[in-house]
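The structure appears below as structure tokens.
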Ligand code: SF4
Ligand code: SF4
């Protein structure tokens, strides 16, 4: 079975390696496919469990039910040659929308070194090894997308996705400016079918309101007392940093290899101001926005938002609105990392915020699926 048109464009010219001592992706509970169960039943039956709920599947157990995979020892996989497909695929994510596209996980520090294997070639080999599974997933997701487009047309909220993306791309430099994001958010409420044409930053924008929107967006993902449900930031020293927000206060803890957590500090979220970006920070942020703008999973999240809101807003309004919220979330996370780690708001600080942020999209709701 051959899958036509897998989109590898995000990986073009990129390399990926897996430096010693990381193990961050082993904090994401790996699914074990039915065909992989024979190995685990025979060799490590004690390490496998089954998830509950509608989409029940087998996966590997986590240390103390919340740390890394039980098969990680000294930050090394003890069954490397037999690890599940989920683990082999990292840092590549196959997204099934109305086609299959491959995204690079920018939370993996191994994709920032500039060394390692050719990312597109590695992903192609992985796709070939999973062809029939990807084809089955694509069949299912294409059906969902067809139905979604039909509802949009009927509701009169359909727009040309390529035109939306091209317009964002033409205005990308402005997206690192909260005054411009404020203007977009206003226009998306004022106009039934908005465009970015003749839109400029609003010099009189309400900075406190934007800061509050940025903080709310960032805190949403940290709002759980379950370490498995909040984002992990793999520090430059390979530490696994976990941030949990409760009643407006953020607690920073470090998870060790045994799954134990040590509290390192805390801060009231309102005491973290949205810090201005330096020029080098703006550049890397705009490059990241360009990546998001090309990702099918971002689009799938926009479509999910339209569905959740009952198809009341045009696709363009929702798309630009979602991008504003994403950028604000990232800016606030950069400000928070700067508070705890003094990473600044230049190239280094924004790169660290991307490393902190990018893996979250795996949990973001979408009408497609990572497979
Ligand atoms: S996150 Fe990247 S660098 Fe870290 S263990 Fe996984 S693949 Fe390797
Ligand atoms: S099986 Fe190996 S690579 Fe996969 S999560 Fe466990 S330790 Fe990590």
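The values are calculated or read from the model by the stated rules, or taken from the named source; none is laboratory data. This structure is a prediction, so every number in the text was calculated from the model and none was measured. Don't worry about glycine lacking a Cβ; one is built from the backbone with ideal geometry, like all the others, and counts go over all protein chains shown.
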Within segment 230-253, how many residues turn out to be in contact with a helix residue (DSSP H, G or I) (Cβ under 9 Å, 6 or more places away or on another chain), more than 18 Å from residue 334 (Cβ to Cβ) and not in a strand (DSSP E or B)? 2
Every pair of residues 6+ apart whose Cβ atoms lie under 6 Å, when the first sits in segment 33-44 and is touching a residue at least 60 places away in the same chain (Cβ under 8 Å) while the second is loosely packed, with under 13 Cβ neighbours inside 10 Å and not in a helix (DSSP H, G or I): none
Residues of segment 72-83 being away from ligand 1 (no atom under 13 Å from the Cβ) and touching a strand residue (DSSP E or B) at 6+ places or on another chain (Cβ under 8 Å), which ones? 78
Please state which of the following conditions residue 214 fails to meet, knowing it meets all the rest: (1) surrounded by 19 or more Cβ atoms within 10 Å (Cβ to Cβ); (2) in a strand (DSSP E or B). (2)
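I want to confirm something. Restricting to segment 47-63 and keeping residues that are at pLDDT 95 or above and more than 26 Å from residue 110 (Cβ to Cβ), which single residue is surrounded by the fewest Cβ atoms within 10 Å (Cβ to Cβ)?
Just the residues of segment 47-63 that are at pLDDT 95 or above, to begin with: 47-49, 58-63.
Those left that are additionally more than 26 Å from residue 110 (Cβ to Cβ): 48-49, 58.
Values: 48: 18, 49: 15, 58: 18.
Selected residue: 49.
Kindly indicate whether residue 67 is over 23 Å from residue 240 (Cα atoms) and not assigned by TED's automatic domain parsing to the domain that holds residue 224. Before you say what the answer is, go through the steps one by one.
Values: over 23 Å from residue 240 (Cα atoms): no; not assigned by TED's automatic domain parsing to the domain that holds residue 224: yes.
No; evaluated as a whole, the condition is false for this residue.
Listed here are the residues, each with its yes/no results for (1) crowded, with 20+ Cβ neighbours inside 10 Å; (2) away from ligand 1 (no atom under 16 Å from the Cβ).
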| residue | (1), (2) |
| --- | --- |
| 193 | no, yes |
| 199 | no, yes |
| 204 | no, yes |
| 221 | no, yes |
| 224 | no, yes |
| 234 | yes, no |
| 243 | yes, yes |
| 246 | no, yes |
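So is residue 224 in a loop (DSSP other than H, G, I, E, B), under 30 Å from residue 66 (Cα atoms) and more than 16 Å from ligand 2 (Cβ to nearest atom) or not? So that I can check it myself, show each step before the final result.
Values: in a loop (DSSP other than H, G, I, E, B): yes; under 30 Å from residue 66 (Cα atoms): yes; more than 16 Å from ligand 2 (Cβ to nearest atom): yes.
In short, yes.
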What are the residues in segment 86-119 that are within 16 Å of ligand 2 (Cβ to nearest atom) and touching a helix residue (DSSP H, G or I) at 6+ places or on another chain (Cβ under 8 Å), if any? 87, 88, 89, 90, 91, 92, 93, 105, 107, 108, 109
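Does residue 133 fit the bill of being surrounded by fewer than 19 Cβ atoms within 10 Å (Cβ to Cβ), under 24 Å from the mean Cα position of the chain (by Cα) and at pLDDT below 95? Write out each step before concluding.
Values: surrounded by fewer than 19 Cβ atoms within 10 Å (Cβ to Cβ): yes; under 24 Å from the mean Cα position of the chain (by Cα): yes; at pLDDT below 95: yes.
Spelling it out, residue 133 is indeed surrounded by fewer than 19 Cβ atoms within 10 Å (Cβ to Cβ), under 24 Å from the mean Cα position of the chain (by Cα) and at pLDDT below 95.
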So in segment 1-18, with the set limited to residues that are assigned to a helix (DSSP H, G or I) and in contact with a strand residue (DSSP E or B) (Cβ under 7 Å, 6 or more places away or on another chain), which one is nearest to residue 87 (Cα to Cα)? 11
Can you name the residue in segment 199-210 that is within 14 Å of residue 177 (Cβ to Cβ) and in a helix (DSSP H, G or I) and, of all such residues, is nearest to the chain's Cα centre (by Cα)? 210
Quick check on my filter: what residues within segment 8-20 are within 16 Å of ligand 1 (Cβ to nearest atom) and surrounded by fewer than 11 Cβ atoms within 10 Å (Cβ to Cβ)? 20
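Only one of 44, 83 is over 24 Å from residue 136 (Cβ atoms), within 15 Å of ligand 2 (Cβ to nearest atom) and surrounded by 15 or more Cβ atoms within 10 Å (Cβ to Cβ). Can you tell me which? Even if it seems obvious, please write down each step before you answer.
On the way: 83 fails: over 24 Å from residue 136 (Cβ atoms).
Within the list 44, 83, the selection yields 44.
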Sort out which residues of segment 84-101 are closer than 16 Å to residue 121 by Cα and within 15 Å of ligand 1 (Cβ to nearest atom), and write them in order of number. 88, 89, 90, 91, 92, 93
Tally the residues that are closer than 24 Å to residue 360 by Cα and away from ligand 1 (no atom under 16 Å from the Cβ), restricting the search to segment 27-62. 14
